[in-house]
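Data block below; observations after.
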């Protein structure tokens, strides 16, 4: 049910390649369109197995519930949707709708003036203009299970706050991250850029400016950025996601092993993406603003075409290349890869490119080290 719900919400996003989405979810286009048709006709209940009892559509509010909402609002004219919802819950009313639904009811009933709503807008937050322009990735602090420690790997879309990845990992090694990212890329496509901190296994420092995981992402056509050292607020959306994950899932609960962690993560991720109103999105859900990337994950990476006139060299196994008898250290992560040198506007100066990304510079005017 949870995977079907996520699928149809992504299926309805404008501009989505629906056949590609079906392939990523492992179903045929026929099944995908059938699920969508059932969802449009019956709502959430249409996603249930046909042998199960149909459920009421959660998007519909009864006339009696709307009357209760209006009554509380009349009694407390300054209250917004969240406060009205909490009051109805405290009064013991069953099946109280979400705060965003209550706000919509008040709009329809004339209980909220446009001017009043505008005065209560939250402060402006920086975010990318469209989904998949930037993904933020980080490991949340690990915690103990009865079978070892769990290291949650989180990947959040900057524009929509959509959690494209929440994986229960047994370690924080580069190979683990690559395997998890591969599964995420196959389902949601490739982002334009990813933002990480400077920690292992993707961190950059003076000795390892481009770790091999970064080189792999660059080869896929994904640009890489790193936050300022000791400034976790650079990845504020992912940090905020960690706080919510701790409060709503991890807390002080006990977990048997990684498999149980992943089951709980999977169930909660669907709730977070498709049901939980988000304060930064004006109480919309992340799924309402997200659509999968149009760039599919390539199972085979073709050699990059540097174009005519490019000066191409291959990096040796120790991470060095030579140009005009001048050695240049790039790092072992680039071993056996092809690098291009492009002349700049200044004589003797070259940009060093790996695929479409500049990874260094070479100035022949300076004395050789």
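Please enumerate the residues belonging to region 341-351 that are surrounded by 20 or more Cβ atoms within 10 Å (Cβ to Cβ) and either under 22 Å from residue 221 (Cβ atoms) or in the same structural domain as residue 216 (by TED's automatic domain parsing) (or both). Give the derivation first.
Step one: list which residues in region 341-351 are surrounded by 20 or more Cβ atoms within 10 Å (Cβ to Cβ), which gives 341, 350.
Scanning region 341-351 gives a single hit, 341.
Could you tell me whether any residue of region 335-345 is touching a strand residue (DSSP E or B) at 6+ places or on another chain (Cβ under 7 Å) and closer than 23 Å to residue 133 by Cα?
Applying the first criterion (touching a strand residue (DSSP E or B) at 6+ places or on another chain (Cβ under 7 Å)) to region 335-345 yields 336-344.
Applying the additional criterion that residues be closer than 23 Å to residue 133 by Cα yields none.
For region 335-345, residues touching a strand residue (DSSP E or B) at 6+ places or on another chain (Cβ under 7 Å) and closer than 23 Å to residue 133 by Cα: absent.
I'd like the full set of residues that are in contact with a strand residue (DSSP E or B) (Cβ under 7 Å, 6 or more places away or on another chain) and either crowded, with 16+ Cβ neighbours inside 10 Å or part of a loop (DSSP other than H, G, I, E, B) (or both), limited to region 352-369.
In the first step, residues of region 352-369 are kept if they are in contact with a strand residue (DSSP E or B) (Cβ under 7 Å, 6 or more places away or on another chain); the result is 352-354, 357-364, 368.
Of everything in region 352-369, those that are in contact with a strand residue (DSSP E or B) (Cβ under 7 Å, 6 or more places away or on another chain) and either crowded, with 16+ Cβ neighbours inside 10 Å or part of a loop (DSSP other than H, G, I, E, B) (or both) turn out to be 352, 353, 354, 357, 359, 360, 362, 364, 368.
Out of the residues in region 5-37 that are part of a loop (DSSP other than H, G, I, E, B) and touching a residue at least 24 places away in the same chain (Cβ under 8 Å), state the one that is surrounded by the fewest Cβ atoms within 10 Å (Cβ to Cβ).
14
Look through region 291-315, keep the residues that are out of contact with any strand residue (DSSP E or B) (no Cβ under 6 Å at 6 or more places or on another chain) and surrounded by 15 or more Cβ atoms within 10 Å (Cβ to Cβ), and return whichever of them is farthest from residue 342 (Cα to Cα). I'd like the intermediate steps shown before the answer.
So the first thing to find is which residues in region 291-315 are out of contact with any strand residue (DSSP E or B) (no Cβ under 6 Å at 6 or more places or on another chain), and the list is 291-305, 307-309.
In the following step, the residues that additionally are surrounded by 15 or more Cβ atoms within 10 Å (Cβ to Cβ) were identified as 291-293, 295-297, 304.
Working: 291: 36, 292: 34, 293: 31, 295: 27, 296: 29, 297: 28, 304: 15 Å.
Here the answer is 291.
Name every residue in region 141-159 that is in contact with a strand residue (DSSP E or B) (Cβ under 9 Å, 6 or more places away or on another chain) and closer than 24 Å to residue 293 by Cβ, in order of residue number.
The answer is 152, 153, 154, 155, 156, 157, 158.
State whether one or more residues within region 290-300 are under 35 Å from the mean Cα position of the chain (by Cα) and more than 30 Å from residue 270 (Cβ to Cβ).
Filtering region 290-300 for residues under 35 Å from the mean Cα position of the chain (by Cα) gives 290-300.
From the residues that got through so far, the ones that are more than 30 Å from residue 270 (Cβ to Cβ) too are 300.
Yes, because at least one residue in region 290-300 is under 35 Å from the mean Cα position of the chain (by Cα) and more than 30 Å from residue 270 (Cβ to Cβ).
Conditions tested, residue by residue: (1) within 20 Å of residue 128 (Cβ to Cβ); (2) outside any loop (DSSP other than H, G, I, E, B); (3) in contact with a helix residue (DSSP H, G or I) (Cβ under 7 Å, 6 or more places away or on another chain); (4) in the same structural domain as residue 43 (by TED's automatic domain parsing).
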site	(1), (2), (3), (4)
276	no, no, no, no
295	yes, no, no, no
306	no, no, no, no
318	no, no, yes, no
327	no, yes, no, no
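Could you pull out the residue among 255, 334 that is modelled with pLDDT of 85 or more, closer than 30 Å to residue 168 by Cβ, surrounded by 16 or more Cβ atoms within 10 Å (Cβ to Cβ) and in contact with a helix residue (DSSP H, G or I) (Cβ under 9 Å, 6 or more places away or on another chain)? Show your work before the answer.
On the way: 334 fails: closer than 30 Å to residue 168 by Cβ.
From the options 255, 334, the qualifying one is 255.
The values are calculated or read from the model by the stated rules, or taken from the named source; none is laboratory data. Note that the structure is a prediction, hence the values are computed from the model and not measured. Counting neighbours? That spans all protein chains shown, and the Cβs are built from the backbone with ideal geometry, glycine included.
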